[in-house]
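The values are calculated or read from the model by the stated rules, or taken from the named source; none is laboratory data. A quick note: this is a predicted structure, and the numbers were derived from the prediction, not measured. As a convention, Cβ positions derive from the backbone with ideal geometry for all residues, glycine included, and neighbour counts pool all protein chains shown. The protein model used for the area step is the full one, side chains on, heavy atoms only, and it has no ligands, DNA or RNA in it. Shrake-Rupley method; radii C 1.70, N 1.55, O 1.52, S 1.80 Å.
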Amino acid sequence: MAKHQILLTSSEIGSIWTNFMYDSMSKCVLAYFLKDVEDEEIRTIVQFAYDSSAAHIEKLTSLFQEEEMPTPTGFTTDDVNMNAPRMYTDTFMITYLNHMAKIAMLQYSGFISMSARDDVRSYFIDSLEGAVQLFEQSSKVLLSKGIFVRAPYIPYPTTKDFIDSKKYLSGLNPLSHKRPLNVVEISHLFMNIQTNLLGSKLALSFAQASPEQKIQKWMLKGRDISKKHIQIFTKTLLENDVQAPSPSDVVITDSTIPPFSDKLTMFHMSLISAAGIENYATAAAASQRSDLILNYNRFSLEIAQYTKDGADIVIEHGWLEQPPGTADKDKLAKNKEMTD
């Protein structure tokens, strides 16, 4: 008896489609990194990441073909200019990979939880293990070179305590004293400073290389939003006598020749923005001081509007690839009525 073929669910189709888009973009970026990276330790990490993305694209393409579904276009060699001069330092590359590994770990965890079919779940579990390995390897290199940015230190607690007043949750009244930050709140403030620092550098590099003024303006707006958020998060830490560490040499060169297509850079910034909104939602849920929660919520709305403005630009250029969806039943019914 022939074995029954279990069809992919909508969640599984959405997961593999999204993963294909992300990895096709990553393969282009990493190919460009490989051209310029000089440090051999960092080159090894970049090569590992590139090989992982290439393998993912191959497996996902086979899966789409087996299921007789169209393979997404994603991003190709047409979206990367291998002749463009060096744009990023080695330190930027390893910091970028460490950050993207964090995003990948969260995404693959979500994809696994939404997958029921054995082969799809197995693929995403393997991909998650690869992302963990990339994070581990990149972290070790950052540590060995003394450029791993650690979270702030605080004195070890000597007692344990319980919250005995609702004032612990307050913080909106500017005339009242705000309680000191707890370690959970500090950790999220620190993390969001680091992600915004990288995002602002990435946006600046895309702006200085883009030939289109409208895209330059949108990228610079993203940089300015990140800088504003960094200033507010840093100020919050300093008000509690906690210094916010900052990375060194995460810089870009002064090249204005675009290494990537505007289609790719717009997609990349949208990915970074979506990850930022997820980070802020997690931070808001974990924080217990009301002023922090308010900041995260309003910053999320600001990024969402920024992402919407970017999507409008992408649609104007015909670059936004549409995810698979269900048929418009109303449209089908109307078309049928017209043919009857």
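For (1) among the acidic types (Asp, Glu); (2) touching a helix residue (DSSP H, G or I) at 6+ places or on another chain (Cβ under 7 Å); (3) under 27 Å from residue 146 (Cβ atoms), each residue gets a yes or a no:
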| site | (1), (2), (3) |
| --- | --- |
| 31 | no, yes, no |
| 40 | yes, no, yes |
| 68 | yes, no, no |
| 73 | no, no, no |
| 96 | no, yes, yes |
In segment 276-328, which residues are crowded, with 17+ Cβ neighbours inside 10 Å, of a type in the set (Gly, Ala, Ser) and either over 17 Å from residue 223 (Cα atoms) or in contact (Cβ under 8 Å) with a residue 40 or more places away in the chain (or both)?
-> 276, 283, 284, 287, 310
Selection from segment 23-43 of residues touching a residue at least 40 places away in the same chain (Cβ under 8 Å), of a type outside the set (Phe, Trp, Tyr) and more than 15 Å from residue 74 (Cα to Cα) yields 31, 35, 36, 37, 38, 39, 41, 42
Counting only residues that are more than 16 Å from residue 128 (Cα to Cα) and open to solvent by 10 Å² or more (accessible area, probe 1.4 Å), how many does segment 46-59 have?
-> 2
All but one of (1) without any contact (Cβ under 8 Å) to a residue 60 or more places away in the chain; (2) open to solvent by 30 Å² or more (accessible area, probe 1.4 Å); (3) not aliphatic (A, V, I, L, M) hold for residue 20, so report the exception by its number.
-> (2)
For residue 95: the one exception among (1) open to solvent by less than 20 Å² (accessible area, probe 1.4 Å); (2) under 20 Å from residue 260 (Cα atoms); (3) in a helix (DSSP H, G or I) = (1)
Residue among 228, 221, 214 that alone is open to solvent by 60 Å² or more (accessible area, probe 1.4 Å), out of contact with any strand residue (DSSP E or B) (no Cβ under 6 Å at 6 or more places or on another chain) and free of Cβ contacts under 8 Å to residues at least 24 places away in the same chain = 228
Would you check if there is a residue in segment 98-120 being open to solvent by 60 Å² or more (accessible area, probe 1.4 Å), hydrophobic (A, V, I, L, M, F, W, C), without any contact (Cβ under 8 Å) to a residue 60 or more places away in the chain and farther than 19 Å from residue 273 by Cα?
-> no
Which numbered condition trips up residue 166, out of (1) touching a helix residue (DSSP H, G or I) at 6+ places or on another chain (Cβ under 9 Å); (2) more than 22 Å from residue 277 (Cβ to Cβ)?
-> (1)
Is it the case that some residue within segment 270-282 is closer than 25 Å to residue 147 by Cα and among the charged types (D, E, K, R)?
-> no
Index of the failed condition, residue 133 passing every other in (1) open to solvent by 70 Å² or more (accessible area, probe 1.4 Å); (2) in contact (Cβ under 8 Å) with a residue 12 or more places away in the chain; (3) assigned to a loop (DSSP other than H, G, I, E, B) = (3)
